[in-house]
1. Those residues that are out of contact with any helix residue (DSSP H, G or I) (no Cβ under 6 Å at 6 or more places or on another chain) and within 30 Å of residue 162 (Cα to Cα), I need them from the stretch 84-101; list them, please.
2. Would you confirm whether any residue within the stretch 145-153 is touching a residue at least 12 places away in the same chain (Cβ under 8 Å), surrounded by fewer than 21 Cβ atoms within 10 Å (Cβ to Cβ) and under 17 Å from residue 8 (Cβ atoms)?
3. Could you figure out which of (1) in contact with a strand residue (DSSP E or B) (Cβ under 7 Å, 6 or more places away or on another chain); (2) at pLDDT below 95 isn't true of residue 71?
4. Among (1) in a helix (DSSP H, G or I); (2) over 22 Å from residue 83 (Cα atoms), where does residue 153 come up short?
5. Would you be able to say whether some residue in the stretch 139-148 is touching a helix residue (DSSP H, G or I) at 6+ places or on another chain (Cβ under 9 Å) and assigned to a helix (DSSP H, G or I)?
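The values are calculated or read from the model by the stated rules, or taken from the named source; none is laboratory data. Remember, predicted model here, so these are calculated numbers, not experimental data. FYI the Cβ positions are ideal-geometry reconstructions off the backbone, even for glycines, and counts take in every protein chain you see.
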């Protein structure tokens, strides 16, 4: 089983990428590949740029990676209550190639933030939107107060109750 995981941020220190990588590591007998959105940087999407250059090769490469997955683990970064520009741009370019960019892959959808709501706003947006783009959301989890509840040295959730909640979601949903 192959898992493709990524955080919906282009930050070099992305807490969502860390959470996605940790969650992916909890699946048994899985090969995990963690993507970095910085590898999928493209010009800001517009129909004018698309008309000029056509379908972007980097968006095709992103879709190819999604196609390799048996399971997707995506942790959404929240910027002012919505997707990060980096994720939205990859999403926009990719959706112009194929509408169902998530290719009906089973998905664990996550979010975290330094705040107490743990990216709840962007998680809600993604839960509503992703199924319309081929996302088969099997489970979702929000980690509040990342800096308090995640151990950066051990790369794992440090709050035992929240850690068990995530493990239970994975066990019962996949």
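1. Residues satisfying the conditions are 84, 85, 87, 88, 91.
2. yes
3. (2)
4. (1)
5. yes
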